[in-house]
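Worksheet: one structure, shown below.
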Amino acid sequence: MQDQSQKRPSLNFSEYFPQNDLLLPENLHNSRASLLLSDRAQLRTFLSESFKQPDFIASPDFSKISAWAVKKNQFPMLIKSGKNQANCENIFLLKAFRELPEFFDCLEKHKPILIESLFPAKARIEATFFLGRLVLISQIGMEKSMHYYHGWRAFPIFPPAGCMKEILKTAKFFKDMINTATVPIRISFAFNPDQTVPLSLNSGFNRHEYFYEWGDFLFNPQAEKPSKNLPLNKLLFYRAHANQTFDLPELERTLQASLKKITVGEPTVILLQSDNPAVILEDSKKADAFFKHLGPVFETVTEPD
């Protein structure tokens with residue numbers, strides 16, 4: 001039997017992951033699974049047969065998209081490419097009808113365009129499956145901007161029993177994909193006390209949490225299963241253009257209580273780790289304040305050797 005742990009790529013925390021390319025596993029090409037992974041409208045329709053889903057419409061025509069938004073008239077909404085893409089690329093938070101023409105123009109090269117209701121959630125979570133196993137659950141926080149990017153991800157988390165039941169129930173609808181894919185499969189959910197609803201499906205190694213010290217369990221079936229005694233990890237993402245001063249040593253001093261790793265780029269990614277969630281929360285606030293003070297753009301400044 002092939003050692004499946006060798007399928008983990010030789011990447012590390014600071015590797016850049018392409019944002020626009022959906023990493024579709026080779027063994028899923030030309031299958032129903034590939035359609036659900038690549039077409040957001042097809043996935044939404046498939047999930048609506050068994051789960052509550054956001055109201056939506058997909059079309060290449062502005063007239064149809066705008067007519068739906070006017071009729072729905074419940075903002076905010078999400079407007080996105082109908083083609084699934086990595087790392088929430090080409091997804092926008094539509095807060096008012098007047099923003100629709102601009103966002104539609106931004107998505108001109110990514111038609112058809114899908115517009116949908118923003119599904120309410122007390123928390124958003126993401127479950128990763130690999131080699132037929134549920135290997136990681138993360139909580140997601142979204143950016144407070146027009147781009148619907150991940151602002152942070154915290155892991156590992158251990159949801160309530162009812163939520164876990166719904167995650168495993170959902171996984172059964174994709175069992176062939178989960179059991180045969182040679183890359184991780186991710187399902188994201190909207191969690192509320194009364195229901196846990198699947199919302200998106202993705203594949204690929206493009207998650208920082210799959211590497212560094214956490215990869216040992218994720219990609220080695222013989223490794224010891226993570227326990228609730230493990231420290232909490234939180235990834236913070238900051239996106240900006242590099243033409244202002246960013247004092248990296250100052251940021252490292254600011255976050256010294258829980259800082260594990262920083263990789264500077266687009267985005268800049270910070271990994272915090274602590275046994276005490278309160279420390280993670282406090283350092284997250286400090287990081288937010290640090291970048292907010294810099295303004296919308298920055299560059300890095302490092303201490304000389």
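Apart from one condition, Val70 fits all of (1) farther than 16 Å from Pro198 by Cβ; (2) touching a helix residue (DSSP H, G or I) at 6+ places or on another chain (Cβ under 6 Å); (3) surrounded by fewer than 19 Cβ atoms within 10 Å (Cβ to Cβ); (4) not acidic (Asp, Glu); the exception is (2). Of all the criteria given as (1) modelled with pLDDT under 50; (2) in a helix (DSSP H, G or I), the one not satisfied by Leu35 is (1). Residues in segment 59-97 that are in a helix (DSSP H, G or I), touching a Leu at 6+ places or on another chain (Cβ under 9 Å) and modelled with pLDDT of 95 or more: Phe62, Ile65, Ser66, Ala69.
Scanning segment 163-210 for residues that are out of contact with any Phe, Trp or Tyr (no Cβ under 6 Å at 6 or more places or on another chain), modelled with pLDDT of 95 or more and in a helix (DSSP H, G or I) returns Met164, Lys165, Glu166, Ile167, Leu168, Lys169, Thr170, Ala171, Lys172. Only residues that are modelled with pLDDT of 90 or more, in contact with a Pro (Cβ under 8 Å, 6 or more places away or on another chain) and not charged (D, E, K, R): list them for segment 256-305, please. Scanning segment 256-305 gives Gln273, Ser274. Only residues that are crowded, with 16+ Cβ neighbours inside 10 Å and of a type outside the set (Lys, Arg) were counted across segment 150-169, and they come to 11. Across segment 98-136, the qualifying residues are those that are at pLDDT 95 or above and among the β-branched types (Val, Ile, Thr), and the one among them that is farthest from Ser188 (Cα to Cα) is Ile113. Of these, Ser138, Ser145, which one is over 23 Å from Gly204 (Cα atoms) and either in a loop (DSSP other than H, G, I, E, B) or of a type in the set (S, T, N, Q) (or both)? Only one candidate passes the filter, namely Ser145. If only residues of segment 188-205 that are hydrophobic (A, V, I, L, M, F, W, C) and touching a helix residue (DSSP H, G or I) at 6+ places or on another chain (Cβ under 6 Å) are counted, the one that is nearest to Phe129 (Cα to Cα) is Leu201. In segment 62-83, the residue that is nearest to the chain's Cα centre (by Cα) out of those that are over 27 Å from His208 (Cβ atoms) and hydroxyl-bearing (Ser, Thr, Tyr) is Ser66.
Please determine whether any residue of segment 13-21 is surrounded by 13 or more Cβ atoms within 10 Å (Cβ to Cβ) and either at pLDDT 90 or above or part of a strand (DSSP E or B) (or both). For segment 13-21, residues surrounded by 13 or more Cβ atoms within 10 Å (Cβ to Cβ) and either at pLDDT 90 or above or part of a strand (DSSP E or B) (or both): absent. Restricting attention to segment 38-58 and to residues that are at pLDDT 90 or above and among the polar types (S, T, N, Q), the residue that is nearest to Leu199 (Cα to Cα) turns out to be Gln53.
Ala121: outside any strand (DSSP E or B), under 24 Å from Tyr238 (Cα atoms) and touching a residue at least 60 places away in the same chain (Cβ under 8 Å), yes or no? Here the answer is yes, as Ala121 does meet what is asked. Any idea which of (1) farther than 20 Å from Leu201 by Cα; (2) within 22 Å of the chain's Cα centre (by Cα); (3) surrounded by 16 or more Cβ atoms within 10 Å (Cβ to Cβ) is the one Ala86 doesn't satisfy? (1) is the only condition that Ala86 fails.
The values are calculated or read from the model by the stated rules, or taken from the named source; none is laboratory data. The model shown is predicted, which means the values in this text are computed figures rather than measured ones. For neighbour counting, all protein chains shown are included, and Cβ atoms are generated from backbone atoms with ideal geometry for every residue, glycine included.
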